[in-house]
Amino acid sequence: FDRVYRVIGYIKMAPNSPLALSRRASSLLVYLGAPLVFLHCIDYVVETTPASLSHRDLHNIDLFSGQGAINTAFCNENLKSKGFDIELSQRCGDITTPEGFLRSIQLILRGKPGALTTAGPPCGSFIFLNMFTSGRTRWRPLGARLAYVQNANKITTRLCLLILLSFVRLGVCLVEQPSSTLMIFFPYFVWLAKTIALFRPWLSTRFFMGSFGHSTLKPTLTFGTAPWAYRLKHKLTQSVRKRVKKNQQKNKALARKYVDKNGQKRVCGIPAQLRASQIYPPGYGKAICRYHRKWLAESDSVQELRNAMYPPTSALLDPQRPNVTKAPYGWRHAALSELRELLRSERDAGNYHPLLTGGLDD
């Protein structure tokens, strides 16, 4: 509670823009543990976004959108949605680049109150089939010091920051992964789930993507704050089982078994087949759009989010209320130093006029 109100004097918010965070939201973001350089990134995006895009007009922000099943479903229902994926733009669609991360921040800021952020981050280094190479386990979720593993850590940590931003903007989120994912044990997601759960429920749901038209059963896990996520758990009917079995006879296997040089039996995924299996069926996108639209139609849905986010002062002072813990590793795996360098250069060139009094040079 003290940190919330101490930071108000530290933040000189806010410019006259719909994308700008309110002083209350800014304070809450810092109180929850967001690094100050992240607030500078938000500040920079607000200042540099053209007036034509400075509106909270998005119902859905589809991160790692791939072929856009979710994005398409929302657009077909006349609900504004934007996809974000490296396939759409090699630089501005890559969350690991400064330009891509700033672009993703802009999309989150454009979300309406109650907007849904969907994300299917790359699962390659987090799944069981890859654990012998990635070195990830439940007890070692950061994995080995391999370039692709560290890059996945960077992507996932930055996604946690975006979800935190969506949270203070009164949005909800839904992250999708294969059911065997180790991402739920990733330190930043563990911290994020515990932190958000202090204000609103953090839900996880297991279901079969085959229920929505996928060519395989594909056991799937979703987690996040979307209050309707439990509706994704459809009963696996006999007709679905027959269709999947028929497809499996036609399609190639997703993995192969082999014996390594030490005589140990191993399982290895087949990259091309695994990539194809990651594509969402149109039925999944339609279901998400339908459930979210129905939830938004409830008159008090967004107000409930606001009440949970900004409780009365007496509730914050309640000694029984759990305290927010610090984020793990000081957000080191987000690699925000490159953003700090970019913002310094923009400030020195006169293209950025920081509203915060620190965080770039300290």
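The values are calculated or read from the model by the stated rules, or taken from the named source; none is laboratory data. Please read all numbers here as calculations on a predicted model, not as lab measurements. Here the Cβ positions follow ideal geometry from the backbone for every residue, glycine too, while neighbour counts run over all protein chains shown. For the accessible areas, the whole protein counts, side chains as well, though only heavy atoms, and no ligand, DNA or RNA atoms are used. Shrake-Rupley method; radii C 1.70, N 1.55, O 1.52, S 1.80 Å.
Exactly one condition in (1) within 26 Å of Leu21 (Cβ to Cβ); (2) free of Cβ contacts under 8 Å to residues at least 12 places away in the same chain; (3) surrounded by fewer than 20 Cβ atoms within 10 Å (Cβ to Cβ) is not met by Gly93; state its number.
(3)
All but one of (1) over 11 Å from the mean Cα position of the chain (by Cα); (2) open to solvent by less than 10 Å² (accessible area, probe 1.4 Å) hold for Leu159, so report the exception by its number.
Exception for Leu159: condition (1).
Would you mind stating whether Ser26 is under 24 Å from Val324 (Cα atoms) and in a helix (DSSP H, G or I)?
yes
Within the group Ile86, Ile61, which residue is among the β-branched types (Val, Ile, Thr) and open to solvent by 20 Å² or more (accessible area, probe 1.4 Å)?
Just one listed residue meets the conditions, Ile86.
Assess whether Arg56 counts as being open to solvent by 60 Å² or more (accessible area, probe 1.4 Å), touching a Gly at 6+ places or on another chain (Cβ under 8 Å), under 26 Å from Leu198 (Cβ atoms) and modelled with pLDDT of 90 or more.
Spelling it out, Arg56 is indeed open to solvent by 60 Å² or more (accessible area, probe 1.4 Å), touching a Gly at 6+ places or on another chain (Cβ under 8 Å), under 26 Å from Leu198 (Cβ atoms) and modelled with pLDDT of 90 or more.
May I ask you to verify whether Arg243 is in a helix (DSSP H, G or I) and open to solvent by 30 Å² or more (accessible area, probe 1.4 Å)?
It is true that Arg243 is in a helix (DSSP H, G or I) and open to solvent by 30 Å² or more (accessible area, probe 1.4 Å).
Mind checking which residues of the stretch 167-191 are open to solvent by less than 10 Å² (accessible area, probe 1.4 Å), hydroxyl-bearing (Ser, Thr, Tyr) and more than 19 Å from Tyr329 (Cα to Cα)?
Within the stretch 167-191, just Thr181 meets the criteria.
Quick test for you: out of Arg24, Arg3, pick the one residue that is modelled with pLDDT under 85, charged (D, E, K, R) and touching a helix residue (DSSP H, G or I) at 6+ places or on another chain (Cβ under 6 Å).
After applying the criteria, what remains is Arg3.
Among the listed residues Lys233, Lys194, Lys154, Lys252, which satisfies the condition of being modelled with pLDDT under 90 and open to solvent by 10 Å² or more (accessible area, probe 1.4 Å)?
On inspection, the qualifying residue turns out to be Lys252.
Give me the pairs: first residue in the stretch 323-339 and surrounded by 11 or more Cβ atoms within 10 Å (Cβ to Cβ), second residue polar (S, T, N, Q), beta-carbon distance under 6 Å, and six or more apart or on different chains, which are they?
Pairs that qualify, where the first residue is surrounded by 11 or more Cβ atoms within 10 Å (Cβ to Cβ) and the partner is polar (S, T, N, Q), are Val324/Thr195; His333/Asn153; His333/Thr157; Ala334/Thr157.
For residues that are among the hydrophobic types (A, V, I, L, M, F, W, C) and touching a strand residue (DSSP E or B) at 6+ places or on another chain (Cβ under 9 Å), scanning just the stretch 100-122, find the one that is surrounded by the fewest Cβ atoms within 10 Å (Cβ to Cβ).
Leu107
Scan (1) open to solvent by 10 Å² or more (accessible area, probe 1.4 Å); (2) closer than 19 Å to Val30 by Cα; (3) more than 13 Å from the chain's Cα centre (by Cα) for the single condition Thr205 breaks and write down its number.
Of the numbered conditions (1) open to solvent by 10 Å² or more (accessible area, probe 1.4 Å); (2) closer than 19 Å to Val30 by Cα; (3) more than 13 Å from the chain's Cα centre (by Cα), the odd one out for Thr205 is (2).
Criterion first (farther than 19 Å from Pro219 by Cβ, among the small types (Gly, Ala, Ser) and surrounded by fewer than 24 Cβ atoms within 10 Å (Cβ to Cβ)) does Ala144 satisfy it?
When the stated conditions are applied, Ala144 passes them.
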